[in-house]
Amino acid sequence: MQNPTEPRPLDQLDLRRRFDTKIAILLRDDLESWQRLNAAAFLASGIAASDLELIGEPYADADGTAYHALFRQPVMVSRGRRRT
């Protein structure tokens with residue numbers, strides 16, 4: 001049995017899993033690129049800290065390179081105009 005804290009190879013992940021929820025981050029389009037990136041990272045970290053069940057398990061690619069755990073759900077980042 002594999003240790004649940006060790007990364008799993010990508011080919012052992014259940015890629016058929018469907019997501020009933022998604023994480024959406026909406027940013028204003030009048031921000032500079034660096035401001036949008038900073039805001040997206042800040043908001044995503046706040047979402048991650050709010051519920052540890054949003055985070056998956058560490059994993060490894062086909063070459064065995066280990067990666068930290070990421071969100072379980074897809075993250076969509078969009079931008080829009082500020083309402084006046």
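The values are calculated or read from the model by the stated rules, or taken from the named source; none is laboratory data. Quantities reported herein were computed from a predicted structural model and do not represent experimental measurements. Glycine also receives a Cβ, built like all others from the backbone with ideal geometry; neighbour counts cover every protein chain displayed.
Could you check, for the range 46-68, whether at least one of its residues is at pLDDT 85 or above, surrounded by 10 or more Cβ atoms within 10 Å (Cβ to Cβ), in contact with a Gly (Cβ under 7 Å, 6 or more places away or on another chain) and over 15 Å from THR21 (Cα atoms)? Within the range 46-68, not a single residue is at pLDDT 85 or above, surrounded by 10 or more Cβ atoms within 10 Å (Cβ to Cβ), in contact with a Gly (Cβ under 7 Å, 6 or more places away or on another chain) and over 15 Å from THR21 (Cα atoms).
Inspection of the range 74-82 identifies no residue that is without any contact (Cβ under 8 Å) to a residue 40 or more places away in the chain and over 12 Å from the mean Cα position of the chain (by Cα). Residue under question is ALA44, and the condition is that it be within 16 Å of the chain's Cα centre (by Cα), in a loop (DSSP other than H, G, I, E, B) and of a type outside the set (D, E, K, R); does it hold? When the stated conditions are applied, ALA44 does not pass them.
Residue pairs whose Cβ atoms lie under 6 Å apart, sitting 6 or more positions apart in sequence or on different chains, and linking a residue in the range 25-43 that is of a type in the set (Val, Ile, Thr) to a partner that is assigned to a helix (DSSP H, G or I) and surrounded by 13 or more Cβ atoms within 10 Å (Cβ to Cβ), are ILE25/ALA40; ILE25/LEU43.
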